[in-house]
Structures are given as structure tokens and as C-alpha cells.
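What follows is a single structure, written as C-alpha cells, with notes after it.
The values are calculated or read from the model by the stated rules, or taken from the named source; none is laboratory data. All of these numbers come straight from a predicted model, not from anything done at the bench. FYI the Cβ positions are ideal-geometry reconstructions off the backbone, even for glycines, and counts take in every protein chain you see.
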Amino acid sequence: MRVELSSKRLRSDFVKKIAELSGQNLYLCYQCGKCSAGCPMGFAMDILPNQIMRLVQLGLEEDIANSKTVWLCASCLTCTVRCPRGVDLSRVMEALRLLTLRKNKNYVEPSKMPPETVADLPQIALVSGFRKLTS
Amino acid sequence: MAKREERIGVFVCHCGLNIAGTVDVQRVVDEIKRYPGVVHAEHYMYMCSDPGQELMRKAIREKGLTAVVNANCSPSLHERTFRRVCASVGLNPYRCEIANIREQCSWPHTYDKETATKKALAIIKTTVERLRLNMMLTPLVIPLIKRALVIGGGIAGIQAALDIANGGYQVILVEKEASLGGHVMELSATFPTLESPKDFLIPRIDEVMAHPNIRLYLNSEVDAVSGYVGSFNVKIRQKTKIVEEEIGAIVTAPGFDLLPREKLPVYPDDPDIVDGLQFERILSPERLTYGKIKRPSDGRVPQDIVFIQCAGSRDPEHGMPYCSRVCCMYTAKQVLLYRKAVLEGQAYVCYMDIRSDAKGYEEFFQQVMSHDGVLYVRGNVSRAFRDGDKLKIWTVDTLSGKSLEITADMVVLALAMVSRPGTRELARKLNISVNEHGFLTEAHIKLRPVESLTSGIFLAGTAQWPRDIPDTIASASAAASKVLSLFSRKELLHEPTTAHVDEEVCSGCGVCVPVCTYKAISIDENKKVAVVNEALCEGCGSCAATCPSKAMQHRNWSHRQLLAMIDVAGGGYV
């Protein structure tokens, strides 16, 4: 399918919100790929971090929504530290998660977690997991 | 020529391991010492070094050598060095010859030392035989008219003319159009400073017009050129009138054109699909639209505009295989000017790679690509077509793998820079060469970048290769400095190793005339013999090889010498 590119799409609420929530100039990214090259979770991602940046630039919200990447992001800040253009990619990832979470949608549902898992996991992992993955 | 007692010296260079790693230099020296006429032979690590040269001087002085063979690299590298060494101790430099045992021996025979050593000996022996018959020569002195011709009144021609004129020499500047400035005058602003070209060009043009050393021919073209470095005769056609001028050197700067749109059928003939120079005129504050950006078809301000880079560049199948070098940067500049003029506008740039390789360029580009309302799309365009009052552009974003359709009001093509159709014809008149794309060819891409292969003719600007303004100015100033260094000589010397005619033998058949690349040979109709203009002769030897009666001979490459060389060539290694 050919994607229709227009100023409407490039200036959609989605792009504006991501820019606003992350506080980043999304168009600074010149696609060098250094973020993906160093991402410790990259092996498990279906779309790499640099591709996420490109999809945001193009306003392709659905492609990002269908991907697990932003939820796999560990917020370790490796990408942020390495970006040659000074883009704080972790904030962009956080902004993308917030778009979902602010609609009161949880990525993991605490009430539906099996009791064994809750019992097995360390407290600190649960707390940080809930902070990142629930609204 | 009277027989003389030859005392020949042979100097074999190791060139580190380049030669000595393959050729047994000790054996070569031992054997050549026993060769008739050779009174001295030695080998050394680097003969071109100061101690090596000193060895030569010492041997020439102490052994009273009358001729010298230097067995080393190609003569194009150190023939001059060793001839200077000979001259410094009073030996005629044309009594020194190079035996090339590196490029023509040790390098191609790296894995066969025995053959290489035998071949080195054979090469040296042939050179010894040649030397026995070498004449002592002195360089020819040829006249030098200290007045230059500059062809083309664009920014390159203006720069070259001013540099030469300010150096104190007269310049004749020939421009085809009615005014000076060329394509640069058409530009709205220049990258990366956004300075108006008029700001720096108009004062330069005024300087040319008022310069006491510059004579300007507008609406004029070079009709014919004859002569050689130091004294060219040029006929300049000014409308119906023809003027003749005598000059000593020529700077050629006829400039560029854009690739014709018809070559790229992907982009249909549409008023709203314009090329880079047309868009410059739309952007120019003093032209047509007074700074408002309006599209040609209906005068509306384009809200969405697509810039397409590499339109015909880097495309050997449809356009030109090379990179036009300026499009990335001028497109970035045009994008910025558009965004400044149309506050709500959206610009798209379809590109393959970004080339921003000069001072301040990458910084400028990064500023543009991250500007709001600008999207760089990495991918070329497959189709552009009209859809009502809009244009549709089919492209791809190879970074995300998405095929795209962009709806736009206007398209700007960064068409490839090409040589002007007239450049080939001009090069033919000047007897200089062009490459397969019609760009003027330099004598050596690294070491002689502004010289043509014809001495006294220099190259400047975009007729040689796509260039931006700083590179054009640099090449024009470089060409001018070559002219100035030529003119600052007291007299002009020319290699005496030219062709010459034995008038007793020559029948005036004229076979030699068309084989001469340098147009140095003519037929004297009264005497019915060939005449060589030695100032034009570059000593290539084509005429001597062609002459059926051997009347044409090359100095120090005579037929007798060649036969003597052939006699010994087979004896060594085959």
C-alpha cells in the first residue's frame, strides 16, 4: 500500500503530541542508526529504535501502535547517551508509551497477573514495571 | 657526426626493494661494467636522494663520463632530476637517458627474478646503444607575448581576468552573451551564507569594466585559434566583425548547462515542474514575482513543494553517471528560502545521499533538514504526474520501507550539471581534449589540475567538472597563477627533442600532417617539403614512425638509434 504523505499527516496531533511530550525536535534525527546499534533490547524488537524515529517523523502512528518496541524499551538511556544529534530517544519512547497509557489502557494488567508470577518477581521489578507499563 | 670516444656511466637504483627485491642489481652492475663503452657502473639504495645524486656527480667528474644511463623508475618521474644533476657538473643533459627497470621490469616480473634481471640488463644495454648516438641539445627559445585571453565571462572568467590583470598583464576577455556574470547572476542567494551573489559579483564586474588592463569583447565568440604557447593568434567573432589578437596564454572557462529535461521522461512537461535555475529566478527578489513565491501555472503560492535531487545525476542509464556536486547544497538553500517565504509551507526533499563536503556545508544542511516544515525522504522518484490542479509524486522512503505518494503544488528538479554543447567545438578549436561527457580534460587530475595537455592553455570553472562557487573561484585563480608564472619568465624554453625534417629526402607527400596531434607539421608548397613548427612539437614521434622515406626523424630517437637498440634487445633474455 502506498502511504499518502501530506502536510496534514506530518502535522497531525500524533506528531505534535510526541514532540510536546518528549520535548524533542524529532527532525534532528538523520538516521545514522547508532541508537539501534547499541540498544540492549534490540534483539527482541520487531521495529528498531531508529525505525521508530523515522515512523514518528512520517506520522505513521499505526505502524508504531502495532509494534512491541516501545514496550520492550528498558529506558536504559544507552541511545540517549550515544545519539550524535542530541535526541533524547528514551523520552520519545516514553512519549509513545504515554499516548497509549493516557487512554487508560494498560500494557500489562496487574489484576490479571498469575499469583505465582507476582510471588516470583522481586518487588522492585514489579513496581518499575507497573510504573512504565500501566496507566 | 664525428666518432668520439664514449665514456658511459651506468647508475642502477634499488628503489628500496621496488627494484632490488626482484632484480639482482649487483649482477647487473658486474655484467654491464664489461659492456663496450661502459667505464663506470654502480648501484645505490635511492639514486634520486641527495647522496645518490652526489654519487653521480662524483663519478661524472672523476671518470670524465661523456654519457649517463640511469636505470630506475619511469622517466616521467626522475628524468628531469638526473638531467639536472648532469647539467650541474657540465655534462649536456641530453646525454643522460633513463632505462626504465621498475615499471617495465621489476614490477611486472616480481615472481621471476632471473627473467627480471636479464630483462633489466637488456633494457640498460639498449639504452647504452641509444646514448652512443644521442646529440648534445640545447632547449629552444620561443617568443612570449605577455597578454592573456580569457574565454567566458562567468564568475570563473571574471576571477581569472582580474587576477591576471591585477598582476600587471593585459587580458582579453571574451563573453558570448551581452553581459558578464553567467549563471551566478541568475541565483537568488548562495549557500551556506545566503549571501546574494549580486553583492559580490556586481563589484567584480564593475572592476572588470573599468580595468585598464582588460579589454572586453561582449557578444563575441572565439572563431579560430592558431599558434602555440607564448604566441597564439586568435580570431574573435563579434557579430559580423572578426578581430585578430596576439596572445601568449589562454584561460578556458565556458561554464555549464543543465541536463535537458527531455532526457528524463519520468518528469512530464508541466509548468509547475521547474528546474533548479528556474526556481532560482522565482526566488530572486528582483525578478518577476518580487520575492513572493508563486507557481508558474496559476500564480498560487505553493503550499506543498517537492524537491527532487539526483535528477539525471548518478544515473548512467538515463542521465549522467557522475554526481553534480552542488545540488544537495543548493536544494537545501532553496528549501530554506522557500520556508522563510511561505510560513505555512511544507517542503519535501527526495534524495539518495547527501553530499555536503566543504566548509560550513554539513552544518548548513543539518540546520535545513531539522527545520520545521521540511521532510527529507530517502528515495528517488518513480513517477510525477498531474492530478487536477495538484501534482502527484510517487516515491519511497527506503528508511522505513514505505512507498509514498506525495501531493504537491510544485516540483523542483535538481537537474544534472552538464557541459555546454559549445564546449566540444571550442575544445576542438583550441586543440585541447574533452572527456566522454564533454568536460574539459586536465593534464593530470592531481598534479596538473588546471592545465590542459596543450601548453599555454589553462582550464577554469564548471566546464571542467561540476563545481560550486568557491571551487570555481579557486580553479580560476589557480589557472590565473599559472598564466602569471608563465608571464613572469624572461623567455620561454621548449624541449629540443622534437621532430625534424631532412629536406633532401622529404618528398612532401604529407602523410605526416594528419598524424600530428599537435598540428605542428605543414607542407611548404614552394619547396614541397614538410616543415615542423618546433614550438608546437611535443616529440611524440608519430610523424617519424609514419614517414615512408624516413625523412622525418625524432631528435635523439633517430631510426639509427632505434635499429641499434633493436640489435641488442633480443640478445639478453628472450
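Condition check ((1) in the same structural domain as B:Val28 (by TED's automatic domain parsing); (2) under 16 Å from B:Tyr46 (Cβ atoms); (3) among the small types (Gly, Ala, Ser); (4) assigned to a helix (DSSP H, G or I)) across all residues:
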residue	(1), (2), (3), (4)
B:Arg61	yes, no, no, yes
B:Glu97	yes, no, no, no
B:Pro108	yes, no, no, no
B:Ala116	yes, no, yes, yes
Please enumerate the residues belonging to the range A:81-133 that are at pLDDT 90 or above, touching a Phe, Trp or Tyr at 6+ places or on another chain (Cβ under 7 Å) and farther than 16 Å from A:Lys68 by Cβ.
A:Arg85
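What strands (runs of 3 or more DSSP E) lie completely within the range B:486-574 and have 2 or more residues being in contact with a Phe, Trp or Tyr (Cβ under 6 Å, 6 or more places away or on another chain)? Before the answer, list the steps.
On the way: elements: B:492-494, B:499-501, B:521-524, B:529-532, B:552-554.
Of the strands (runs of 3 or more DSSP E) lying wholly inside the range B:486-574, none has at least 2 residues that are in contact with a Phe, Trp or Tyr (Cβ under 6 Å, 6 or more places away or on another chain).
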Determine whether the range B:337-354 contains at least one residue that is assigned to a loop (DSSP other than H, G, I, E, B), within 13 Å of chain A (Cβ to nearest Cβ), among the small types (Gly, Ala, Ser) and closer than 20 Å to B:Asp468 by Cα.
no
Can you find even one residue in the range B:312-326 that is of a type outside the set (S, T, N, Q), not assigned by TED's automatic domain parsing to the domain that holds B:Gly461 and not in a loop (DSSP other than H, G, I, E, B)?
no
So A:Ser75 passes all but one of these: (1) of a type outside the set (Phe, Trp, Tyr); (2) within 14 Å of chain B (Cβ to nearest Cβ); (3) on the phi > 0 side of the Ramachandran plot. Which condition number does it fail?
(2)
Hey, could you check the range A:10-30 for residues that are crowded, with 16+ Cβ neighbours inside 10 Å and assigned to a loop (DSSP other than H, G, I, E, B) and say which is nearest to the other protein chains (Cβ to nearest Cβ)?
A:Tyr30
For B:Gly52, all conditions in the list (1) under 19 Å from B:Met135 (Cβ atoms); (2) part of a helix (DSSP H, G or I) hold save one; what is the number of the exception?
(1)
Does B:Glu6 count as of a type in the set (Asp, Glu), within 24 Å of B:Pro496 (Cβ to Cβ) and either modelled with pLDDT of 95 or more or in contact with a helix residue (DSSP H, G or I) (Cβ under 7 Å, 6 or more places away or on another chain) (or both)?
yes
Quick test of your reading of the structure: B:Ile406 fulfils all but one of (1) away from chain A (no Cβ under 14 Å); (2) among the aliphatic types (A, V, I, L, M); (3) touching a Cys at 6+ places or on another chain (Cβ under 9 Å). Name the failing condition by number.
(1)
Flag if A:Ser128 is surrounded by fewer than 17 Cβ atoms within 10 Å (Cβ to Cβ), among the polar types (S, T, N, Q) and assigned to a helix (DSSP H, G or I):
yes
For B:Pro514, work out the one condition from (1) buried (at least 16 other Cβ atoms within 10 Å of the Cβ); (2) at pLDDT 95 or above; (3) of a type outside the set (Gly, Ala, Ser) it doesn't fulfil.
(1)
Residue, surrounded by the fewest Cβ atoms within 10 Å (Cβ to Cβ), within the range B:294-319, restricted to residues that are more than 14 Å from chain A (Cβ to nearest Cβ) and in contact with a Gly (Cβ under 6 Å, 6 or more places away or on another chain):
B:Gly319
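When you go through B:Ala499, B:Ala479, B:Ala463, B:Ala427 one by one, which is the residue that is in contact with a Pro (Cβ under 6 Å, 6 or more places away or on another chain), buried (at least 20 other Cβ atoms within 10 Å of the Cβ) and farther than 30 Å from B:Arg378 by Cβ?
Values: B:Ala499 fails: in contact with a Pro (Cβ under 6 Å, 6 or more places away or on another chain); B:Ala479 fails: in contact with a Pro (Cβ under 6 Å, 6 or more places away or on another chain); B:Ala427 fails: in contact with a Pro (Cβ under 6 Å, 6 or more places away or on another chain).
After applying the criteria, what remains is B:Ala463.
Say we look at the range B:392-403 and pick out the residues that are farther than 19 Å from A:Cys32 by Cβ and among the polar types (S, T, N, Q); which of these is farthest from the other protein chains (Cβ to nearest Cβ)?
First, the residues of the range B:392-403 that are farther than 19 Å from A:Cys32 by Cβ: B:392-396, B:402-403.
Filter once more, so that each one left must be among the polar types (S, T, N, Q): B:395, B:403.
Values: B:Thr395: 9, B:Ser403: 5 Å.
Ranking the candidates gives B:Thr395 first.
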Which pairs do you get when a residue that is in a strand (DSSP E or B), found in the range B:424-451, comes within reach of a residue that is among the aromatic types (Phe, Trp, Tyr) and buried (at least 19 other Cβ atoms within 10 Å of the Cβ), reach meaning Cβ atoms under 7 angstrom, with the pair 6+ apart or on two chains?
B:Glu451/B:Phe458
Failed condition for B:Gly157, given (1) more than 29 Å from the chain's Cα centre (by Cα); (2) in the same structural domain as B:Met209 (by TED's automatic domain parsing); (3) part of a helix (DSSP H, G or I); (4) not β-branched (Val, Ile, Thr)
(1)
Restricting attention to the range B:364-372, does a residue exist that is surrounded by 20 or more Cβ atoms within 10 Å (Cβ to Cβ), of a type outside the set (A, V, I, L, M, F, W, C) and not in a strand (DSSP E or B)?
no
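Checking the condition touching a Lys or Arg at 6+ places or on another chain (Cβ under 7 Å), of a type outside the set (Asp, Glu) and buried (at least 16 other Cβ atoms within 10 Å of the Cβ), which residue from B:Leu137, B:Leu187, B:Leu180 passes? Show your work before the answer.
Numbers: B:Leu187 fails: touching a Lys or Arg at 6+ places or on another chain (Cβ under 7 Å); B:Leu180 fails: touching a Lys or Arg at 6+ places or on another chain (Cβ under 7 Å).
B:Leu137 is the lone residue from the list that is touching a Lys or Arg at 6+ places or on another chain (Cβ under 7 Å), of a type outside the set (Asp, Glu) and buried (at least 16 other Cβ atoms within 10 Å of the Cβ).
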Out of all the residues in the range B:101-109, is one or more closer than 30 Å to B:Ile457 by Cα and either aromatic (Phe, Trp, Tyr) or in contact with a Pro (Cβ under 6 Å, 6 or more places away or on another chain) (or both)?
no
Taking the range B:528-565, which residues are among the hydrophobic types (A, V, I, L, M, F, W, C) and under 18 Å from B:Thr126 (Cβ atoms)?
B:Ala544, B:Ala545, B:Trp557, B:Leu562, B:Leu563, B:Ala564, B:Met565
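Matching residues to (1) buried (at least 16 other Cβ atoms within 10 Å of the Cβ); (2) closer than 16 Å to B:Thr454 by Cβ; (3) free of Cβ contacts under 8 Å to residues at least 60 places away in the same chain:
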position: B:Ile521; (1), (2), (3): yes, yes, yes
position: B:Asp524; (1), (2), (3): no, no, yes
position: B:Leu536; (1), (2), (3): yes, yes, no
position: B:Gly539; (1), (2), (3): yes, yes, yes
position: B:Cys543; (1), (2), (3): yes, no, yes
position: B:Ser549; (1), (2), (3): no, no, yes
position: B:His554; (1), (2), (3): yes, no, yes
Condition set more than 18 Å from B:Cys327 (Cα to Cα) and surrounded by 22 or more Cβ atoms within 10 Å (Cβ to Cβ), scope the range B:466-476, selection farthest from the chain's Cα centre (by Cα): answer is B:Ala476
Can you work out which of the residues in the range A:31-62 that are within 12 Å of the chain's Cα centre (by Cα) and within 7 Å of chain B (Cβ to nearest Cβ) is nearest to B:Leu399 (Cα to Cα)?
A:Gln51
Whichever residue in the range B:373-398 is in contact (Cβ under 8 Å) with a residue 12 or more places away in the chain and in a loop (DSSP other than H, G, I, E, B) and, among such residues, is surrounded by the fewest Cβ atoms within 10 Å (Cβ to Cβ)
B:Asp389
